[in-house]
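The values are calculated or read from the model by the stated rules, or taken from the named source; none is laboratory data. Quantities reported herein were computed from a predicted structural model and do not represent experimental measurements. Quick reminder, even Gly has a Cβ in these numbers, built from the backbone with ideal geometry, and neighbours come from all protein chains shown.
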Amino acid sequence: MDGDRFDDSNLNRQLLSSTELLGTAKALAAEARVKAVNPAVETRPFSAYLSAENGVDLLGDATIAVDCLDSITDRFTLESACRQLAIVMVSAAIGGTSGQLTVTYPEDGGLSRVYGPPEKAVRKGVETTLGTLPFAAITLAAMECAEVVAMAV
């Protein structure tokens with residue numbers, strides 16, 4: 001699920017991004033890549049941004065939500081939808097050369113333990129000044145995948 005389209009700022013850190021795909025919907029590009037690797041995999045891409053109004057519907061029958069969101073406030077929105085559906089959220093955030101990985105279960109303190117209360121959350125964190133370096137994004141994405149696989153077995 002992603003309502004965004006590729007732009008040149010994605011080229012240095014997003015695996016699916018290329019100059020040929022600039023302007024392409026990220027969700028549709030992800031589906032095309034998955035189908036190219038393994039056409040037997042079932043996909044349901046959503047070219048939509050997550051919101052409080054559509055979160056529960058978009059997550060549908062998911063058992064785990066993986067957060068690759070750009071803002072802290074959007075992470076709280078995802079966490080809220082996950083709590084309503086009683087599913088786990090795996091979240092990663094990056095700023096410069098550092099990152100953090102958080103696994104939030106519906107019954108625990110969740111993101112408020114990292115960022116403080118949702119109503120006081122800032123939209124963007126340190127990445128606005130430190131940037132988002134490719135190796136940090138790749139490392140945190142790999143860690144998110146490892147957490148999801150560990151929970152699925």
Checked pairs for the range 133-153, first assigned by TED's automatic domain parsing to the domain that holds Ser98, second of a type outside the set (A, V, I, L, M, F, W, C) and surrounded by 13 or more Cβ atoms within 10 Å (Cβ to Cβ), C-beta under 6 Å and 6 or more apart or across chains, list as Pro134/Arg13; Ala136/Gly99; Ala137/Arg13; Leu140/Gly99
Within the range 104-137, the count of residues that are exposed (fewer than 14 other Cβ atoms within 10 Å of the Cβ) and among the hydrophobic types (A, V, I, L, M, F, W, C) comes to 3
| request: Confirm whether Ala81 is more than 15 Å from the chain's Cα centre (by Cα), modelled with pLDDT of 95 or more and closer than 25 Å to Ala150 by Cα. | output: no
Query raised in the report: When you look at Gly99, is it surrounded by 12 or more Cβ atoms within 10 Å (Cβ to Cβ) and without any contact (Cβ under 8 Å) to a residue 12 or more places away in the chain, yes or no?
Result: no
**Asked** Looking at Ala86, is it surrounded by fewer than 14 Cβ atoms within 10 Å (Cβ to Cβ) and touching a Ser or Thr at 6+ places or on another chain (Cβ under 7 Å)?
**Response** no
Screening Gly109, Gly23, Gly99 for residues that are among the small types (Gly, Ala, Ser) and within 14 Å of Asp2 (Cα to Cα) leaves only Gly23
The condition of being part of a helix (DSSP H, G or I) and modelled with pLDDT of 90 or more holds, among Leu50, Leu58, Leu101, only for Leu58
Per the list (1) part of a loop (DSSP other than H, G, I, E, B); (2) assigned by TED's automatic domain parsing to the domain that holds Glu119, residue check on Val66 breaks on (1)
